1. Starting from the range 7-26, keep only residues that are of a type in the set (S, T, N, Q), then list their pairs with residues that are surrounded by 14 or more Cβ atoms within 10 Å (Cβ to Cβ) and not in a strand (DSSP E or B) whose Cβ atoms are within a distance under 6 Å, requiring at least 6 positions of separation or different chains.
2. For the range 138-162, which positions are among the charged types (D, E, K, R) and either farther than 24 Å from Lys107 by Cβ or touching a His at 6+ places or on another chain (Cβ under 8 Å) (or both)?
3. Condition test on Lys45, is it basic (Lys, Arg) and under 24 Å from Leu106 (Cβ atoms)?
4. Does at least one position in the range 105-114 carry a residue that is closer than 20 Å to Leu164 by Cα, surrounded by fewer than 20 Cβ atoms within 10 Å (Cβ to Cβ) and not basic (Lys, Arg)?
5. Scan the range 463-478 and tell me whether some residue there is over 21 Å from Gly339 (Cβ atoms), assigned to a helix (DSSP H, G or I) and either of a type outside the set (A, V, I, L, M, F, W, C) or without any contact (Cβ under 8 Å) to a residue 12 or more places away in the chain (or both).
6. What number goes with the only condition from (1) among the small types (Gly, Ala, Ser); (2) in contact (Cβ under 8 Å) with a residue 12 or more places away in the chain; (3) surrounded by fewer than 20 Cβ atoms within 10 Å (Cβ to Cβ) that Ser455 does not pass?
7. Which of the residues belonging to the range 44-75 are among the acidic types (Asp, Glu) and in a loop (DSSP other than H, G, I, E, B)?
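The values are calculated or read from the model by the stated rules, or taken from the named source; none is laboratory data. The model shown is predicted, which means the values in this text are computed figures rather than measured ones. Heads up, the Cβs are rebuilt from the backbone with ideal geometry, glycines too, and the neighbour counts pull from every protein chain shown.
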Amino acid sequence: MAIPAIELKNITKRFGSKVVANKNVNLCAYKGEILSLLGENGSGKTTLMNMISGIYYPDEGQIFIDGEEVVIRSPKDAFKYRIGMIHQHFKLIDVFSAAQNVVLGLKEEGKYDIKAVTERVRAITEQYGFELDPNKKIYEMSVSEKQTVEIIKVLYRGADILILDEPTAVLTPQETQKLFNVLRRMREDGKAIIIITHKLHEVLSLSDKVAVLRKGEYVGTVNTSETNEAELTEMMVGKKINLNIERSEPKNSEPRLEVKNLNCVNVEGIKTLDNVSFTAKSGEILGIAGIAGSGQRELLESIAGLQPIESGEIIYHNPKTGSDDELRGKTPIQIRELGVRLSFVPEDRLGMGLVGNMDIIDNMMLRSYRKGKSMFLERKKPKDLAERIIKDLEVVTPSAQTPVRKLSGGNVQKVLVGREIAASPTVLMAAYPVRGLDINSSYAIYNLLNQQKESGVAVIFVGEDLDVLIELCDRIMVISSGKISGIVEGRGADKGEIGLMMTKTDGGASDAN
């Protein structure tokens, strides 16, 4: 019987006296195999991988490499055992080239020879089918090219066991396909590959085996060829889950927000939005698709009054007064009070939107304290709201008094999105509301967005998963390099066509009514 490339036995990790992130976890990954690691938010996936890569040290248990017990106390130890982890957030120096980033921090014998490094990087790219110019600077690269540099960085150091954390989170379908082809070549070359992901259709198309964690404990490993989405979800959650998004037909749909010829320029003088026009209607979900950094953020922030506008109009058709309000020139607070709400889930969830040291109740009060009529803050309504969000969205927390920084990333996100939805908006802009969320939590949020749509709210949804955009949205608007490159009906939309529109550079249809 083959010896695992890496084996974990009874691994336990605690943080403080109350939080047990991993409990008696057993796991095996073999050479020439792709293993997907699944689990809900807060189930301990990243903590477990951080112990393999030397960022954390286990409190109990053993790690074996090729059958030999090893001790991994630092990332340097991990590299010694040929383990390389590619994190979700890249650690690259923007002004350096790909080759310079690859060799950064390495002690090489003899004189530093960038020419030799460049040739070796080029050889690795050719061996596995990457597309990368070793001399290209990081700041000139797309997201997928930056990810390629991170993967080559660990291969250059001789990694035979690769761990990838959410590798497809910000890739187009075409880029995802290229990455999968590369990973399959690595598998053929005898590498052991572990992928942390939430996208079940990717798990089923790429991996050989799937290991599942639930609440920090190991549930089991199954062969991918012998399982399906429903079974994997049940293993993750512990109960049967309905994986259908119930999309209803839009009713009494009328224009709620009209954006006309919108142009924005950033502080460096670069155009971030170029003549953008579209209409968001009540009782429908308008999806926005685009490669990361194509102008999605600037578009939503300009509507919410957070981004200066060079020219153009944003007309809000107020359902309460029947008036047409020009949002341009209004303050963010005035825009919010009209009923236009922005829930932006950034990569740094605690850096923008919530205060980590404050508890869930106090974070609810951040949205309502201005309405206080005395020097004392009213705590009953925010407490009720916090408890309702905890119940409805199944937020895993000891209590509503728990500081937000002690929650897992996905649970922080539920608090952030739930707070905006609870404000009863007439226009709800939800940007990346399920970024990094497990499948169960994601479907809870899709259902909330659908409820908003059915109650007559105009929902604008910016997402990264095209499968979800096609299943959830009534219309999908594609943005590329700050321009609208097209708009399609959600029902029956073609994923490949949307992927191509996402990479358009000449801009397409500017009028997307």
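1. Listed pairs, sorted by first residue: Thr12/Asp59; Asn22/Gly44; Asn22/Thr47; Asn22/Leu48; Asn22/Gly216.
2. Correct list: Glu140, Glu145, Lys146, Glu150.
3. Working: basic (Lys, Arg): yes; under 24 Å from Leu106 (Cβ atoms): no.
Here the answer is no, as Lys45 does not meet what is asked.
4. No: zero hits.
5. yes
6. Ser455 satisfies all of (1) among the small types (Gly, Ala, Ser); (2) in contact (Cβ under 8 Å) with a residue 12 or more places away in the chain; (3) surrounded by fewer than 20 Cβ atoms within 10 Å (Cβ to Cβ) except (2).
7. Asp59, Asp66
The rows are residues; the columns are (1) in contact with an Asp or Glu (Cβ under 6 Å, 6 or more places away or on another chain); (2) closer than 23 Å to Lys504 by Cα; (3) small (Gly, Ala, Ser).
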| residue | (1), (2), (3) |
| --- | --- |
| Glu249 | no, no, no |
| Asn252 | no, no, no |
| Gly269 | no, yes, yes |
| Gly283 | no, no, yes |
| Leu286 | no, yes, no |
| Gln307 | yes, no, no |
